[in-house]
């Protein structure tokens, strides 16, 4: 059963279920599958607790003030105001907060008793076994963009077409290919990467084949997602200052020619880009690559979860490293929170670099002493942090800055908290130079001017 079918059965909007999962920080793998099939336990929970879920949905759709929220959940007004300020929801001129603000979600953050929810699902899924960590907001944002693929009635009832092209954009190492794969999984499409040599003319079985031939061949197959990396470099806008390779210009023209056929031929093209700034605006027009999905570096909570995940991934229960982690209480999240605070704006790959470096240091100590227990010292962590920081170059930070510019322009309302948190972390690296010079990085548009 799809989530939309359960929502229809219980007469509760699908969006309410999605917000409920986010508000109560439920593990996605215990509620729904990647392509939105409902898990049996979650469906049973929903049917048994339909009264609460209806109250939750009704409250979610009401516009309300801080005072009304506080009265409804019997919590101090100043505490409610603190949560509201942190979440930064939309507000009307009369001071009432727009729907999508949950009184129950705020009450949960303030310590309200919702054990009946958490007790129902039992032990949470270990981090090492999860499909992905955190990023619920990104996952649900993507699922809404893909709704025409998941709901056959979108076109017949509402005239909403399936996207023909999607751009996933974000700094290097943030997981764009991972999310492209996840999109293919959500809509049950075969994932195929467009290799660079496909864009020119190549020899296959002693016969010349072109990018045009490749696209025609792909359109003969059903349900294929085509990933094109370095989309912002290959699909650049030609101007007086920047020249474009003739093969890239030809590839762009072919994509513009065929993209109108993609929906009918059950093809979805996904471009992975570091930035949106230089992409030819023709490609971003409606019906082309008009769905933009930002891919963020992980926030502080996600960093700590990822560190634990990568430290314990693939380990046997009796592994030496697992014993060392347990002796240091490093098999639990609190151990990793402190170091994650010093990983401001780190990419996913930098976190992996840190864990690999730390594992090697722990192993070296063991090989030297051949004894347990081993203490994971602050010195070891600091050294591994320096190793991981090698990729934290000025170029990378400029790319994060450009990403913030892009996402603030295109998706600010969707990811206000993430954007503001990342901006605060980036400010840590900005150096005050001579007073006459501007503080921070220069955007592409500013460089031009």
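What follows draws every value from the coordinates through simple rules; no lab data is involved. As the structure is a computational prediction, the values presented were derived from the model and not from experiment. No Cβ is skipped: glycine too gets one built from the backbone with ideal geometry, and neighbour counts run over all protein chains shown.
What's the Cα-based Rg to Rh of the range 285-330, Rh via Kirkwood?
That ratio equals 1.36.
Between residue 81 and residue 382, with labels modelled 7 Å along Cα→Cβ, what's the label distance in nm to one decimal, could you check?
A separation of 4.2 nm, rounded to one decimal place.
Where does each of 395, 210 land when they are ranked from fewest to most other beta-carbon atoms within 10 angstrom?
The fewest-first ordering by Cβ neighbours comes to 395, 210.
Send over the per residue convex hull volume for the range 300-391, Cα only, as a whole number of Å³.
Dividing the Cα hull volume of the range 300-391 by its residue count gives 87 Å³.
In deg cm²/dmol and to the nearest 500, what is the mean residue ellipticity at 222 nm of the chain if only DSSP H runs of at least 4 residues count, each as -39500 (n - 2.57), divided by the residue total?
-15000 deg cm²/dmol
Return the label of the correct value of Cα extents along the principal axes in Å, as calculated from the structure shown, out of (i) 67, 66, 56; (ii) 70, 59, 41; (iii) 66, 55, 40.
The value matching this structure is (i).
Per 0.36 nm of contour for each residue apart, how much would the distance between residue 428 and residue 8 grow if the chain were fully extended, relative to their Cα-Cα spacing?
Extra length available between residue 428 and residue 8 comes to 146.5 nm.
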